[in-house]
1. Where in region 284-351 are there strands (runs of 3 or more DSSP E), lying fully within it, with 2 or more residues that are among the charged types (D, E, K, R)?
2. When the residues of region 285-331 are narrowed to those that are over 15 Å from the mean Cα position of the chain (by Cα) and hydroxyl-bearing (Ser, Thr, Tyr), which ends up farthest from Leu115 (Cα to Cα)?
3. Can you work out which of the residues in region 152-180 that are in contact with a Leu (Cβ under 8 Å, 6 or more places away or on another chain) and part of a helix (DSSP H, G or I) is surrounded by the most Cβ atoms within 10 Å (Cβ to Cβ)?
4. What are the residue pairs meeting all of these: first residue in region 251-267, first residue among the hydroxyl-bearing types (Ser, Thr, Tyr), second residue not in a helix (DSSP H, G or I), Cβ atoms under 8 Å, and 6 or more apart or on different chains?
5. Listed residues Glu132, Glu107, Glu55; which is surrounded by 16 or more Cβ atoms within 10 Å (Cβ to Cβ), modelled with pLDDT of 90 or more and farther than 25 Å from Leu248 by Cα?
6. What's the number of the condition Gly216 fails, among (1) in a helix (DSSP H, G or I); (2) modelled with pLDDT under 85?
7. Return a yes/no flag: does region 71-87 have any residue that is over 19 Å from Glu267 (Cα atoms), out of contact with any Gly (no Cβ under 8 Å at 6 or more places or on another chain) and of a type in the set (Phe, Trp, Tyr).
8. Restricting the search to region 268-283, which residues are closer than 25 Å to Arg84 by Cβ and more than 12 Å from the chain's Cα centre (by Cα)?
Amino acid sequence: MVAIARALAFDAQVVILDEPTAALSQHEILEFYHIVERLKQDGKAILFISHKFDEIFELADYYTILRDGVYVSSGAISDITEERMVSMMVGRAISQTYPKVDCTPGETVLEVTDLCHPTEFAHISFRLRKGEILGFYGLVGAGRTELMQALSGVSRPSSGEIRLNGRTMRFHQPADAIRAGIVCVPEERQKQGAIIALPIAQNISLPQLSKLNPNGVLNDAREWRLADEYASRLQVKAFSWRQPVETLSGGNQQKVVIGKWLATQPEVIILDEPTKGIDIGSKAAVHQFMSELVSQGLAVIMVSSELPEVMGMADRIIVMHEGLMVAEYRAGEATAETIVSAASGIGQEAA
């Protein structure tokens, strides 16, 4: 919001806003909407760049669609549907925005009981089954990311229990969780998810170095085969697996990070804001791949600030507010209004 205010302080007649809400909470996004409406009333011309359809249809009067750097279409917002816009942006028809396959979850793989942290969260209890996507929703500061850090060994809880396949786990570092079968794709892919100066192949093989090179001698052929398998499965767009990750689009960077952790063959994968800041085509690819993972029996935890994504992909939704679980819903049980109300602390109900 400070960056937006700084830009507006110049009293410009044309304001360009490039993904301005990517780092904003739901409350801040609503405030941002009011700011944009005031600018329009003041006669300012606004160029608004976004991958979020709710924002586009809420704020824009006219649209222009670009795909792979090429002009596709333009017109009045009132003359186009969301489905048609998605189709033009991706270059193909999408029958489902969130392609979640019907899958009967299997046995419990992860059980968390009364997990607490000194400052970030308290009394967290839930179960996760094979072939299930468990969604976590909450506003900024709700403790979702901090909980995922505890589950993946980045931080240590003060009390409570984590059980994986019936065995009590004690994670002192991320390597412990990885060896046990729990991996986490972090929210900040460039800072925490990948070493962006390194090639795609090295990023994907990094957690597997000791297995790929048991004698301490680098085996380029093994690394290459591993990278080729997972980069191809995730349809990473690159001219070579030797291409540095920093040269890829945000969506392809995210695919590399996901591929890196899938290559460890985990039992539980945590996806923290898996589609943050990526284009609609890459979002669809990530959603499709998530659906494939659960159909193969993998257990998935998805943390997302995009409510339609949580409602569209999760089998169950856990809502957090100020470090506490305040509600839990099965898919289709709750409306957007009830979920947001719970996340805001309005009419809290015990999970």
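The values are calculated or read from the model by the stated rules, or taken from the named source; none is laboratory data. Just so we're clear, the structure is a prediction, and the values are computed from it rather than from any experiment. Don't worry about glycine lacking a Cβ; one is built from the backbone with ideal geometry, like all the others, and counts go over all protein chains shown.
1. By residue number, 324-330.
2. Among those that are over 15 Å from the mean Cα position of the chain (by Cα) and hydroxyl-bearing (Ser, Thr, Tyr), it is Ser295.
3. Out of the qualifying residues, it is Ala177.
4. Thr264/Val183
5. Working: Glu107 fails: surrounded by 16 or more Cβ atoms within 10 Å (Cβ to Cβ); Glu55 fails: modelled with pLDDT of 90 or more.
One residue alone meets the criteria, Glu132.
6. (1)
7. yes
8. Those that are closer than 25 Å to Arg84 by Cβ and more than 12 Å from the chain's Cα centre (by Cα): Asp279, Ile280, Gly281.
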